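J.: Before I ask anything, here is the structure I am working with.
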Amino acid sequence: ETFFLPKDQWGEYGEWLASLDPETLRSYFGISVTAESISLLIAKMKANSSQHFLLVASKAGHWAGVIHIATAGATVEFGVIVGEPYRQQGIAGVMMDEALVWSRNRQYTKLFMHCITWNHPIRRLCEKFGLHAKNILGDSEVQMQLEPPDGYSLFKEWQIWQKNCLFFDFFRLYRTRLVM
């Protein structure tokens with residue numbers, strides 16, 4: 001159900017973003033965006049590819065949401081977006097949980113998120129994970145110290161990896177049988 005998008009497929013992220021409705025994009029970016037600005041974002045990510053990761057959640061073979069993880073030193077920044085048809089199904093929570101475990105296990109120590117004030121779902125997601133927003137010039141910032149990795153976080157990431165491997169193997173087998 002979740003996977004990290006290989007860097008050579010980041011163009012698919014841009015295509016997915018461009019396919020979303022304008023209100024979803026405005027809630028994510030805080031401003032209206034164009035196809036050109038999405039292309040510029042992808043180009044900027046590719047230019048600094050070692051600092052960007054895309055965790056994709058899929059449902060029935062369709063992209064449902066993405067967390068863009070940007071890194072700088074020991075800090076990670078998350079940008080969470082879920083497509084309108086997939087909201088209120090726990091997808092953002094699953095991605096957030098996995099991204100937090102992934103970040104801890106790579107020894108990032110600080111999490112940062114920028115939350116648009118009127119984006120109530122992202123604010124509720126932050127509260128659910130114990131991230132308390134500070135109001136700054138009408139918008140909010142969330143900062144959190146991440147715990148170092150431990151046996152539980154390493155085991156949890158292994159479980160996620162196993163579940164996703166099984167899911168994608170089953171999905172690939174299922175699709176193969178449908179084509180035959």
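J.: Return yes or no: is GLU127 in a helix (DSSP H, G or I) and either over 23 Å from VAL56 (Cβ atoms) or modelled with pLDDT of 75 or more (or both)? If you could, list the steps in order and put the result at the bottom.
T.: On the way: in a helix (DSSP H, G or I): yes; either over 23 Å from VAL56 (Cβ atoms) or modelled with pLDDT of 75 or more (or both): yes.
In short, yes.
J.: Among what's in region 75-95 and is in contact with a Phe, Trp or Tyr (Cβ under 6 Å, 6 or more places away or on another chain) and aliphatic (A, V, I, L, M), pick the residue that is surrounded by the most Cβ atoms within 10 Å (Cβ to Cβ).
T.: VAL76
J.: Shifting gears a bit: If a residue has to be in contact with a Leu (Cβ under 6 Å, 6 or more places away or on another chain) and of a type in the set (A, V, I, L, M, F, W, C) to count, how many in region 97-125 make the cut?
T.: Residues meeting the conditions: 2.
J.: Related question: Checking GLN107 against (1) outside any loop (DSSP other than H, G, I, E, B); (2) open to solvent by 60 Å² or more (accessible area, probe 1.4 Å); (3) in contact (Cβ under 8 Å) with a residue 40 or more places away in the chain: exactly one of these is not met. Which one?
T.: Checking GLN107 against (1) outside any loop (DSSP other than H, G, I, E, B); (2) open to solvent by 60 Å² or more (accessible area, probe 1.4 Å); (3) in contact (Cβ under 8 Å) with a residue 40 or more places away in the chain, the one that fails is (1).
J.: Here is a check on your reading of the model: is GLU98 among the acidic types (Asp, Glu) and crowded, with 20+ Cβ neighbours inside 10 Å? Walk me through it before giving the result.
T.: Working: among the acidic types (Asp, Glu): yes; crowded, with 20+ Cβ neighbours inside 10 Å: yes.
It is true that GLU98 is among the acidic types (Asp, Glu) and crowded, with 20+ Cβ neighbours inside 10 Å.
J.: So which residues in region 34-55 are outside any strand (DSSP E or B), touching a residue at least 12 places away in the same chain (Cβ under 8 Å), hydrophobic (A, V, I, L, M, F, W, C) and open to solvent by less than 60 Å² (accessible area, probe 1.4 Å), if there are any at all?
T.: Matches in region 34-55: ILE38, LEU41, ILE42, MET45.
J.: Hey, SER58 hits all of (1) in contact with a helix residue (DSSP H, G or I) (Cβ under 8 Å, 6 or more places away or on another chain); (2) polar (S, T, N, Q); (3) in a strand (DSSP E or B) but one; which does it fall short on?
T.: That leaves (1) as the condition not met.
The values are calculated or read from the model by the stated rules, or taken from the named source; none is laboratory data. Because the structure is predicted, anything quoted here is derived from the model rather than measured. All Cβ positions, even for glycine, are placed from backbone atoms using ideal geometry, and neighbour counts span all protein chains on display. What goes into the accessible areas is simple: the full protein's heavy atoms, side chains included, and nothing from ligands, DNA or RNA. Shrake-Rupley method; radii C 1.70, N 1.55, O 1.52, S 1.80 Å.
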